[in-house]
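Beneath this line is the structure, given in structure tokens, with notes to follow.
Where a number appears in this text, it was derived from the coordinates with a stated rule and is not lab data. Everything quoted here is computed from the prediction, not taken from an experiment. Reconstructed Cβ throughout: ideal geometry from the backbone, glycine too, with neighbour counts over all protein chains shown.
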Amino acid sequence: MIIIGGGPAGFTAALYTARANLSPLVIEGFNWGGQLMITSDVENYPGYADGVLGPAMMADFRRQAERFGAEFVTDDVTRVDLSERPFRVYVGDDEYRAEAVIVASGASARQIGLPSEQTLQGRGVSYCATCDGAFFRDKVVVVVGGGDSAMEEATFLTRFASKVVIVHRREEFRASPIMVDRARANEKIEFALNAVVEEVLGEGDGHVTGVRLRDTVTGETSDLPADGLFVAIGHDPNTALFLDWLDHDEQGYLVPEPGSTRTNIAGVFAAGDVQDHVYRQAVTAAGSGTMAALDAQRFLEEQRHHPGVVATPA
Ligand SMILES: Cc1cc2nc3c(=O)[nH]c(=O)nc-3n(C[C@H](O)[C@H](O)[C@H](O)COP(=O)(O)OP(=O)(O)OC[C@H]3O[C@@H](n4cnc5c(N)ncnc54)[C@H](O)[C@@H]3O)c2cc1C
């Protein structure tokens with residue numbers, strides 16, 4: 001049993017498969033822990049009544065799987081061969097083989113790409129309004145982006161923030177007109193169009209104090225005071241290795257059978273954000289990690305009774 005990815009989905013799948021005596025090997029990625037490693041407080045994971053720091057929570061997940069015998073390789077998978085069982089998973093020149101594979105390699109929030117953005121991640125810079133919006137009660141926040149998710153996140157943030165400024169590089173939006181109209185009609189939302197964030201400003205305790213904007217038409221810069229910056233320019237699923245093998249949508253998200261984690265290759269399962277561009281929460285990722293573990297367990301049990309089914313590439 002190989003699990004690819006060490007985020008909430010992968011570690012939960014590891015916990016379940018380890019407790020089912022399937023000896024999981026988690027190839028957890030060089031950046032184990034996943035997306036929660038770049039956040040601070042997580043307040044919506046059930047069971048942590050007082051909240052928990054993202055990295056501490058992921059260390060807890062990992063330790064719990066380890067307690068039942070899961071083993072870990074802290075490196076990135078570089079290639080897979082899913083043409084037949086046992087499946088082959090490579091980390092550089094090292095080859096690992098497994099009768100079943102769970103793909104839980106997650107997704108990455110797109111970043112603007114500024115050093116100051118990196119420094120202030122989890123300290124005012126966020127990539128998830130559902131997760132962090134409540135930390136910005138009565139504060140001013142900036143949302144970067146011009147698509148549906150930027151409009152949705154901005155509208156959601158008005159539940160907490162006193163003011164939301166949408167910064168977008170053009171005058172036209174990729175977002176659907178109804179989403180733009182809804183944002184325009186919201187009196188807490190303002191727009192800074194033809195503008196890009198050139199720097200995230202922070203001082204004192206290292207929290208965001210504003211953003212420096214550059215006008216894309218005139219080239220002029222100006223500082224906009226703000227307490228938070230939500231970057232809403234999309235996510236990329238970490239699926240490049242699997243696209244030749246597994247069914248996926250046009251954005252590269254894996255598409256398992258509805259209501260299950262089974263992919264088009266028998267014995268390969270997909271869990272977490274790698275197959276979810278809708279919910280994208282730690283608890284839903286962990287839930288689908290559980291589903292994948294149970295699906296894999298059933299699959300391996302069936303193989304013991306009906307061996308010899310050969311996998312076929314997509
Ligand atoms: C800033 C931020 C704050 C958030 N806050 C919250 C919150 O408060 N509450 C909440 O519920 N959700 C929150 N989320 C969402 C949550 O983090 C994700 O929904 C969740 O982490 C998805 O889990 P996952 O296991 O599917 O993937 P990920 O967390 O993305 O983990 C994927 C793992 O796979 C590894 N990987 C990738 N490629 C490879 C490879 N080739 N080989 C091996 N490993 C690989 C990565 O290194 C990583 O360890 C937040 C997200 C962000 C970005």
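Descriptive notes on the structure:
- Distances between placed amide hydrogens fall under 5 Å for Gly202 paired with Thr209, all partners being 5 or more residues away or on another chain.
- Working ranking of peptides 55-63, 273-281 by packing, defined as the average number of other Cβ atoms within 10 Å per residue, highest first, is 273-281, 55-63.
- When both bridge partners sit in the range 115-231, DSSP labels roughly 45% of those beta bridges antiparallel.
- GNM top mover of Gly147, Gly106, Gly259 - the chain, alpha-carbon springs below 10 Å: Gly259
- The range 75-149: trypsin sites (Lys or Arg not before Pro) falling in loop per DSSP and having at most 11 other Cβ within 10 Å: Arg137
- Cut-off of 10 Å, at most 13 other beta carbons, DSSP loop: longest stretch of the chain lacking such GluC sites (Glu not before Pro): 85-170
- Gyration tensor (alpha-carbon) shape descriptor, the chain, a/c threshold 1.5: prolate
- Summing charges over all other residues whose Cβ lies under 15 Å from the Cβ of Glu187, with Lys and Arg as +1 and Asp and Glu as -1, gives +3.
- Semi-axis lengths (Å, descending) of the ellipsoid that matches the C-alpha gyration tensor of the range 115-231: 21, 18, 11
- Fewest-first sequence of Leu229, Leu243 by Cβ atoms within 10 Å of each Cβ: Leu243, Leu229
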